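J.: Quick one: the structure is below, questions incoming.
Derivation of every value follows stated rules applied to the coordinates shown; laboratory data play no part. Since the structure is predicted, the reported quantities are computational estimates derived from the model, not experimental observations. Neighbour counts are summed over all protein chains in view; Cβ atoms, including those assigned to glycine, are modelled from backbone coordinates with ideal geometry.
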Amino acid sequence: MVRLSYPIEMEIAGNTAMWTRPDTGDCPVSYPAPTYSAAKAIFESVLWGPDVEIIPTKVELCAPIQYHSYCTNYGGPLRNPKSIKEGNNYQLYATVLIDVCYRLYAEVVPNKEKNRLPESAVQWDKKTTSPGHAYQSIFERRLKRGQCYSIPALGWKEFTPSYFGRFRDSTQLLSDLPPVFIPSMLRLVFSKGYTPLDSYLKKDFSPVSYVYDNDLVIQNGVLEYPQRDGSYAK
């Protein structure tokens with residue numbers, strides 16, 4: 001089945017970014033570029049809607065890849081029970097990216113799982129003949145105004161952007177970047193899709209189901225995300 005898609009794009013930059021490699025354990029190291037799921041989340045932070053699906057297509061690197069050591073006092077729920085009980089933090093070491101700038105690209109298509117939408121989304125969907133087009137128009141309007149659904153993050157929530165919005169004329173693709181090979185890159189954590197609120201209240205959670213992309217390469221400053229669903233068309 002052919003699904004019409006609508007392109008969206010945005011630029012995001014910041015002082016620090018962390019696209020965590022799951023294989024690097026308790027001293028995490030960043031991938032050199034945003035993962036598929038991270039790019040998807042950045043778009044959705046500007047405008048989120050359950051009746052459409054955001055499909056990231058590529059990311060352009062507009063600043064050199066620079067790694068930096070990072071340390072913070074962690075006080076979250078992943079501490080051992082004794083540390084939580086005693087109110088103790090522990091130092092978390094990581095290897096992050098600094099001074100990053102990206103241009104992100106994606107396609108918007110209608111959500112194909114209509115039977116899983118909450119009632120409010122179903123009613124909205126009935127009022128438009130093209131939810132993808134509607135999302136595109138609202139997204140571009142919000143991006144121009146600097147509005148967002150939630151604050152975009154460069155991976156970890158504490159790494160907020162110094163800029164997000166439309167492409168800036170001063171930003172240029174880093175086309176002379178040597179090829180960067182990525183043998184395996186996390187694609188999605190919750191690959192089974194969206195679970196509406198009514199199912200959530202019945203404890204029918206979206207299950208954790210990791211998916212990876214293999215043998216990726218950043219070529220001439222561009223990372224293209226593999227398109228596993230080729231059913232949509234421009």
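J.: Give the relative contact order (percent, whole number) for the range 13-118; include only Cα pairs under 8 Å separated by 6+ residues.
T.: So the answer I get is 39 percent.
J.: Could you give me the ³J(HN,Hα) list for the range 72-86, computed from phi with Karplus coefficients 6.51, -1.76, 1.60 and θ = phi - 60°, whole Hz, x at Gly and Pro?
T.: Listing the rounded values in order: 8, 8, 8, x, x, x, 7, 5, 6, x, 5, 5, 5, 5, 8 Hz.
J.: Just checking the chain: which Cys have no other cysteine's beta-carbon under 4.7 Å?
T.: 27, 71, 148
J.: Could you tell me which of rounded, prolate or oblate describes the range 49-113, using a ≥ b ≥ c as the square roots of the eigenvalues of the alpha-carbon gyration tensor, with rounded for a/c under 1.5 and, failing that, prolate when a/b is larger than b/c and oblate otherwise?
T.: The shape class here is oblate.
J.: Can you give the FRET efficiency for residue 129 and residue 227, using 1/(1 + (r/R0)^6), R0 = 22 Å, r = Cβ-Cβ distance, to the nearest 0.05?
T.: It comes out at approximately 0.30.
J.: Separate question: Enumerate the helices in the chain for which the Kyte-Doolittle hydropathy averages 0.0 or more and the C-alpha atoms extend at least 15 Å along the helix's axis, using complete DSSP H runs.
T.: Answer set is 36-46.
J.: OK, next. Could you list the square roots of 5 times each eigenvalue of the Cα gyration tensor of the range 3-173, that is, the equivalent ellipsoid semi-axes, sorted largest first and rounded to whole Å?
T.: 33, 22, 13
J.: For the chain, what is the relative contact order in percent, using Cα pairs closer than 8 Å and at least 6 residues apart in sequence?
T.: Result for the chain is 32 percent.
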